[in-house]
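What follows is calculated from the coordinates using simple rules that are stated; it is not laboratory data. Since we're looking at a predicted model, the values are computed, not measured. Glycine also receives a Cβ, built like all others from the backbone with ideal geometry; neighbour counts cover every protein chain displayed.
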Amino acid sequence: MNIEAKELSKIYGEGESRVVALDRASLTIAPGDFISIIGPSGSGKSTLLHLLSGLDRPTSGRLTYDGRDIYRLTDKELSAFRRRSIGFIFQQFHLLPVLTARENIAMPLLLDKKQPDEPYLQKLAGLLGIGDRLTHLPHELSGGQQQRVAIARALIAGPDVIFADEPTGNLDSRSGGEVMELLKTVGKEMGKALVVITHDSRIAAMGSRRLTIVDGVLSEVGAE
Ligand code: ADP
């Protein structure tokens, strides 16, 4: 899946309260890319992530997934598209506390009235080192293990791209580093594109393509 964002802008408010949250951001994302985007608070990171993943619509600009114009879809079509093509990882994990690790992982499929492919779920759990934790509830797991469950959940529906918003923000630096290494390995092994938003320069340095965002202006600063 090739993703192409062209001159995406998002403007909030009018007159005195007008804020250009994102200023003509362009970006292409190819399979296997590991892209990090670093920027200070208020620079437009969440706005960009929401636009790239179709959670929000821009003031102007275009976004295509394999040539398909995403913003032309209805809200219903867009949410179905997101469930199948995009995985999300959040700072706060967002696991459901009353469900086991396995049930949390399978959740995106259940929402689509599908059953998980058991060998694939086992493979993911094995790769992420949580194979022996699948019957546990989230509060019985460490932060790093909870985030690995969330990574498995993001991958279970076989998405083309994963967007991660400060995925290590709630972890100590060691488990944060481990989670990022795993995410990178799993992404590579499965040919997924990975877009990680962070304000941590060590996490950003792990990206094979590194971008910055300052005052809504996105720039590519380096690549392997
Ligand atoms: P970051 O994720 O980098 O902290 P955001 O994308 O959340 O930055 O915000 C970028 C800018 O847009 C900020 O100045 C913020 O105050 C503004 N902004 C974000 N969302 C809204 C909104 N719904 N209404 C008005 N301004 C907003």
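Data overview
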| item | result |
| --- | --- |
| Cβ-Cβ FRET estimate between THR28 and ALA205, R0 fixed at 25 Å, reported to 0.05 | 0.70 |
| Cα lying deepest toward the dipole's positive end in the stretch 119-224, options GLY176, ILE213, LEU137, charges on Cβ | LEU137 |
| Total charge dipole magnitude, the chain, about the Cα centre, Cβ charges on Lys, Arg, Asp, Glu only, Debye to nearest 20 | 360 |
| Count of Lys pairs (Cα-Cα under 28 Å; at least 8 positions apart or interchain) in the stretch 1-133 | 9 |
| q = 0.11, 0.16, 0.19, 0.25 Å⁻¹: log10 I(q)/I(0) that the Debye formula gives for the stretch 113-213, counting C-alpha atoms only | -0.33, -0.69, -0.96, -1.51 |
| Label-to-label distance, nm, for residues given as SER219 and ARG68 (7 Å Cα→Cβ offset) | 3.5 |
| Neighbour-limited loop hits for trypsin sites (Lys or Arg not before Pro), the stretch 1-98 (at most 11 other Cβ within 10 Å; DSSP other than H, G, I, E, B) | ARG18 |
| Binned Cα-Cα distance frequencies in the stretch 1-141 - 5 Å width, integer % | 2, 8, 14, 17, 16, 15, 13, 9, 5, 1, 1, 0 |
| Length gained when the stretch LEU110-GLU77 is fully extended (0.36 nm per residue, less Cα-Cα span) | 10.1 nm |
| Student exercise, the stretch 110-224 dipole from Lys, Arg, Asp, Glu Cβ charges, in Debye to nearest 20 | 200 |
